[in-house]
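Take a look at the structure below.
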Amino acid sequence: MRKTVLTACLLILALALGACSPAPVSGSGGFSAPAASQSADLSASDTSRLDAHALQTEAERQLAVFADCFPNWRVEDAHDWWGYAVTDLDQDGAWEIISSECHGTGHYMTTSVHEIDPVHPPVSVLTRTQSYDEEPTLEALSHGRLVEALPLLGPYLENSGETQTYPAYYDPAEHVYFYPYIDTITVKDEWHGTFTTLRAFSLNCGELPGISLGGKPSGVLLGCERVTWHGTYTTDDHWNWNGAYINHETYESLAEQCFSGWEAKEVQIKWIECEDLDGMDADQIYLLLKESQDAFSVQ
């Protein structure tokens, strides 16, 4: 009798254990679900990533692309001064990376402007230009020719490390922004002194008053100044965009003359100066770019 009861109990226990075991999955379409704790962890992780992406603004998403592809826009010849700035100079919502570097005893400036390119990703160069030499510039002006001036931009080095303020002019009828910029190189060849050019450039397809730019992002040389050192004294010469010889007072007001009737504005730009981006990861570069972007304004 006891043996019969024991056998019955063992049979019931075996059936109970069999009911708790998972049934085998037949066919190639079957899958095994993860453990409950593992499933919860994955769900929380996915939600966190989705939330972070949803909280990003369009401007921040553009910055993330720039940070990931920094070799496409970083300065190649970085040994004297170099820097980067995040701007929206044409105020169209497509942010630019400006890469500039100043090199040599002549303090020549080279500037490249990059934007995210949906057609040829990740980014493309909108423009690239450098400081103008004195001789070919004056030669062109002597024939009454307008000199095209692509964007050139850098900080005023005496205020290095600070947010820089630049002048701007706005035409609300055409929604066009132009930016005057003064660039000075040092000359020590046939004569000793400085050669300064005053250019006005735009990333919009606008036109200057009375000057056709062909309906493309461009600019024009408004005037130039040559200061010659003669040991105990200096001489100062000035020309306007038509090559006419002008006095110092007229030269100082060329931008105001050209943009008479436009809205005068100020632009704030924060430069990322002399940073070795090759030694950083994308997150570190992103934070530098974000600081520059947050400081940018047109008012």
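The values are calculated or read from the model by the stated rules, or taken from the named source; none is laboratory data. Quantities reported herein were computed from a predicted structural model and do not represent experimental measurements. Cβ: placed from backbone, ideal geometry, glycine included. Neighbour counts: every protein chain shown. The area values use the complete protein model at the heavy-atom level, side chains included, leaving out ligands, DNA and RNA. Shrake-Rupley method; radii C 1.70, N 1.55, O 1.52, S 1.80 Å.
Taking T196 as the residue in question, decide whether it is open to solvent by 20 Å² or more (accessible area, probe 1.4 Å) and touching a strand residue (DSSP E or B) at 6+ places or on another chain (Cβ under 9 Å). No. In segment 234-248, the residues that are of a type in the set (A, V, I, L, M, F, W, C) reach residues that are open to solvent by 70 Å² or more (accessible area, probe 1.4 Å) and in a strand (DSSP E or B) with C-beta atoms within less than 7 angstrom, at least six apart or across chains, in these pairs: W239/Y245. Would segment 245-267 turn up any residue that is over 26 Å from P172 (Cα atoms), part of a strand (DSSP E or B) and either at pLDDT 95 or above or open to solvent by less than 60 Å² (accessible area, probe 1.4 Å) (or both)? The answer is yes; a qualifying residue exists. Restricted to segment 134-236, the set of strands (runs of 3 or more DSSP E) holding at least 2 residues that are farther than 30 Å from T105 by Cβ and within 18 Å of the chain's Cα centre (by Cα) comprises 176-188. Put simply, of D51, D46, D88, D80 the only residue that is surrounded by 12 or more Cβ atoms within 10 Å (Cβ to Cβ) and at pLDDT below 95 is D80. Residues in segment 152-171 that are of a type in the set (D, E) and without any contact (Cβ under 8 Å) to a residue 60 or more places away in the chain were compared, and the one that is most open to solvent (accessible area, probe 1.4 Å) is E158.
Scanning segment 91-112 for residues that are closer than 20 Å to V176 by Cα and open to solvent by 10 Å² or more (accessible area, probe 1.4 Å) gives Q91, D92, G93, A94, W95.
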